[in-house]
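Working notes, structure below.
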Amino acid sequence: MKTLKDMINVGVIGCGSIAKFRHLPELDAHPQANIEAVCDANEDRAAKLARLYKSKYYLDYQELLEDSNIDAVIICLPHHLHAKVAVEAANAGKDILCEKPIATTLEEAEQMVEAAKSNNIKLMIGHNQRFAPSHQQAKQILDSGELGKVTSFKTTFGHSGPENWSIEGKDSFYFTNDTIPFGVMGDLAIHKIDLLHYLLGELITHVSAMSGTFQKPTNHEDSSIMLVRTHSGAIGTVTASWTYSMQENATVLYCENGVIRMEEGGEYPLIIQYNNKNAVYYKLGDLMTYERKEPEKSGVVFSFINSLLDHQIMSITGEDGYNALCVVLSAIEAEKTQSIVQVTTRMKQAVH
């Protein structure tokens with residue numbers, strides 16, 4: 001049983017853009033987190049970040065896992081490497097924050113969850129949209145019941161593509177690794193699926209999909225639209241694309257007593273429109289604040305570290321990551337078979 005301590009020593013595995021621009025700055029900003037080590041097969045990347053944060057660096061993640069000073073790891077590797085490294089980290093007794101998607105197959109995701117449980121360590125998946133102020137405020141409003149049931153919804157996440165974000169540029173693993181079973185569905189749509197699970201407090205149970213590859217040099221989809229149904233019967237669309245010249249990150253929920261509008265652009269990231277024509281406008285920090293201006297304030301790392309310090313359940317569990325991945329893989333099956341696929345989740349939904 002882990003004991004309460006004042007400082008969490010963290011090792012970051014993978015020194016690409018997500019580590020450089022998100023997780024390491026946020027770790028550095030947390031008063032009770034210490035960047036003990038970084039790791040990357042590219043020594044130049046690892047050494048530069050180690051100098052910046054005055055930490056050790058490793059070229060082999062297994063050596064980092066053997067470091068007894070490290071309490072927890074953040075896995076920032078290509079998707080197909082998540083499961084192998086996470087299972088080894090769990091077996092080494094390290095608590096884990098793993099970037100999304102949790103894995104590339106349900107079997108791998110289950111292995112990660114079971115390894116965490118059997119070793120009594122914490123596993124969190126980096127679905128950062130839950131931490132946007134607009135989404136958290138909307139969750140409170142939905143849970144209050146004042147708007148009644150959600151009957152339908154639409155959500156979109158699009159930008160210009162991973163080559164404009166990845167440290168590898170046009171050589172991003174999304175374009176070069178054919179073993180990964182998805183493109184934009186596993187990159188962007190999965191974020192919105194997890195967000196819907198969080199906001200609605202229920203799982204998506206049925207999905208159909210259409211996708212295409214229009215601009216990117218990949219065998220995977222760069223644009224997709226899913227039609228989904230939730231356990232209670234609400235229906236909606238999940239749209240994702242790497243072909244947008246301007247980023248879009250909007251979600252709209254149509255409820256019995258009004259409409260919730262999130263991140264549609266403009267001055268107010270959250271707008272509640274009631275059926276009686278009244279409206280409430282919330283001036284909050286928007287998603288673009290940490291996407292572009294303050295990426296170290298996404299909230300993911302703070303939530304992870306605070307959960308470790310307080311011995312609390314992770315805000316986004318391995319089961320949550322599994323359930324989101326299950327929808328994506330079901331959507332891929334639905335498109336191949338030109339059918340509506342029932343999403344079979346073998347893991348219990350986490351309570352939030």
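The values are calculated or read from the model by the stated rules, or taken from the named source; none is laboratory data. Note that the structure is a prediction, hence the values are computed from the model and not measured. Note: ideal-geometry Cβ built from the backbone for every residue, glycine included; neighbour counts use all protein chains shown. These accessible areas exclude ligands, DNA and RNA; they are computed on the full protein's heavy atoms, side chains included. Shrake-Rupley method; radii C 1.70, N 1.55, O 1.52, S 1.80 Å.
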Do we have any residue at all in segment 275-298 that's surrounded by 14 or more Cβ atoms within 10 Å (Cβ to Cβ), closer than 30 Å to V207 by Cα and touching a strand residue (DSSP E or B) at 6+ places or on another chain (Cβ under 7 Å)? no
Residues of segment 256-274 being over 23 Å from E146 (Cβ atoms) and either modelled with pLDDT of 95 or more or exposed (fewer than 13 other Cβ atoms within 10 Å of the Cβ) (or both), which ones? G266, E267
Tell me yes or no: at least one residue of segment 71-78 is on the phi > 0 side of the Ramachandran plot, open to solvent by 10 Å² or more (accessible area, probe 1.4 Å) and modelled with pLDDT of 95 or more. no
Between a residue in segment 201-214 that is farther than 15 Å from K154 by Cα and any residue that is in a strand (DSSP E or B) and open to solvent by 30 Å² or more (accessible area, probe 1.4 Å), which pairs come within a Cβ distance under 8 Å, given they are 6 or more apart or on different chains? T205/R229; T205/Q342; H206/R229; H206/Q342; M210/I225; S211/I225
It is to be established whether one or more residues within segment 100-112 are among the acidic types (D, E), open to solvent by less than 50 Å² (accessible area, probe 1.4 Å) and in a strand (DSSP E or B). no
Among S55, S68, S118, which is within 30 Å of H197 (Cβ to Cβ) and more than 23 Å from the chain's Cα centre (by Cα)? S118
A72 touching a helix residue (DSSP H, G or I) at 6+ places or on another chain (Cβ under 7 Å) and farther than 26 Å from L329 by Cβ: yes
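If you scan segment 94-110, which residues turn out to be of a type in the set (A, V, I, L, M, F, W, C) and touching a strand residue (DSSP E or B) at 6+ places or on another chain (Cβ under 7 Å)?
I96, L97, C98, I102
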With the requirement that a residue be modelled with pLDDT of 95 or more and surrounded by 14 or more Cβ atoms within 10 Å (Cβ to Cβ), what does segment 334-345 give you? A334, E335, I340, V341, V343
At least 3 residues that are buried (at least 24 other Cβ atoms within 10 Å of the Cβ) and among the aliphatic types (A, V, I, L, M) in each: list the helices (runs of 4 or more DSSP H) lying fully within segment 122-218 that qualify. 190-200
Top-ranked residue in segment 14-46 [being free of Cβ contacts under 8 Å to residues at least 40 places away in the same chain and more than 18 Å from I70 (Cβ to Cβ); ranked as surrounded by the fewest Cβ atoms within 10 Å (Cβ to Cβ)]: P31
With the condition kept exactly as written, say whether any residue in segment 16-35 is closer than 25 Å to F173 by Cα and assigned to a loop (DSSP other than H, G, I, E, B). yes
